[in-house]
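Read the structure below first, then the notes.
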Ligand SMILES: C[S@@+](CC[C@H](N)C(=O)[O-])C[C@H]1O[C@@H](n2cnc3c(N)ncnc32)[C@H](O)[C@@H]1O
């Protein structure tokens, strides 16, 4: 899988784009997917320094970085963007569909669809593309700091626009959104409050955000027979320490009601859903879900930990892989394992 080179496609002229959030004359990829715009001002150096600059192609870390056998989009974000990760994210997306009985969101949507939608950290774009397929009259903007070549974006729906954008930079959208969606972004941001404040500003009055998280490093796996000396516990605490020391927290703090209400959101709902991990459920549907979640969990162990743990300097690649193997054994041999997925929704008040 080859990450495409970014090809400058003319100078950016601010006025040209005024009023439109589809910046298709700024920079274009030599096709294969329909990533169209760039609004990314972060440069990454050795997992520590982040600077803000004006937008230019040289600021965008589009050259993939190969490290410990995985491929990353830049020098900071902890998850790989290679083919195994893309496959894992697609499995997770399918598991969410089972969990939500085929729905894409817990936010109440009007029958004609949600209007304007922003999917932050869209990854390969499974959610955004499916949203676009179900609601062809909606306009979906799907952003990420990474390009997942060959994902569902290649379908090229006219209403789904993929843009390279760092959600921790200033948001420059001209038209407000009805729904802003964040899924699986634990560990992506240093400053969740700042991101939520921008979301609040860019929502229509009455518009919703939804934040969905299922990060096993955030203490969400529940064992039928807990063992405080488990390798899983060692894994979770090593991951948390690494995330804290790198400045990208991996807790559930950004999923709290009080954080959202302090920004001005109303009608905050926090819902925890329990999903099986493994093939132990009797019910066919739950067993299918459990198998998918187990596969995604096993695949995620190394994907989530290799970079942050080796970046601390306290872990070698082999040690991380050894720990992951031991956690895998625990997960595969445990009966009755469950995981909790948290859905948080909130609304911007009507004026
Ligand atoms: C675990 S994936 C989840 C992808 C997708 N939301 C899903 O549910 O399938 C997290 C995504 O967040 C993106 N990401 C990380 N930091 C980001 C940032 N600062 N701004 C925008 N996207 C970011 C990553 O590149 C990655 O694609």
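Less than 12 Å from a label point 7 Å out along the Cα-to-Cβ axis of residue 253: which backbone N atoms in region 140-183 qualify, by residue?
none
Once you sort the root eigenvalues of the Cα gyration tensor of region 204-310 as a ≥ b ≥ c, which label holds: rounded (a/c under 1.5), prolate (a/b larger than b/c) or oblate (the other case)?
Oblate shape, in that a/c is at least 1.5 and b/c is the bigger or equal ratio.
Most exposed first by the Cβ proxy, i.e. fewest other Cβ within 10 Å, how do 178, 101, 322, 169 rank?
Fewest-to-most Cβ neighbours within 10 Å comes out as 101, 322, 169, 178.
Let me make sure I get this right: for region 94-189, a, b and c are the square roots of the gyration tensor eigenvalues over alpha carbons, sorted descending. Under 1.5 in a/c it's rounded, otherwise prolate if a/b > b/c, else oblate. Which is it?
Because its axes are fairly even, with a/c under 1.5, region 94-189 counts as rounded.
Indicate the gyration tensor shape class of region 130-269 (rounded, prolate or oblate), computed on the Cα atoms with a ≥ b ≥ c the square roots of the eigenvalues: a/c under 1.5 is rounded; otherwise a/b larger than b/c is prolate and the rest oblate.
Judged from the Cα gyration tensor, region 130-269 comes out prolate (a/c at least 1.5, a/b above b/c).
Along the Cα-to-C-beta direction of residue 317, a point sits 7 Å from the Cα; which residues of region 287-310 have their amide N less than 16 Å from that point?
Once the point is set 7 Å along Cα→Cβ of residue 317, 302-310 turn out to lie under 16 Å by backbone N, inside region 287-310.
Can you sort 146, 340 by how many other beta carbons sit within 10 Å, fewest first?
Values: 146 23, 340 16.
In order of increasing Cβ crowding within 10 Å: 340, 146.
Given the peptides 262-270, 151-159, 115-123, arrange them by the average over their residues of other C-beta atoms within 10 Å, most packed first. Can you show the working numbers first?
Working: 262-270: 14.7, 151-159: 17.7, 115-123: 24.6.
For the peptides 262-270, 151-159, 115-123, the packing ranking is 115-123, 151-159, 262-270.
Every number in this text was worked out from the coordinates using simple rules, so none of it is lab data. Because the structure is a prediction, the values reported are computed rather than measured. As a convention, Cβ positions derive from the backbone with ideal geometry for all residues, glycine included, and neighbour counts pool all protein chains shown.
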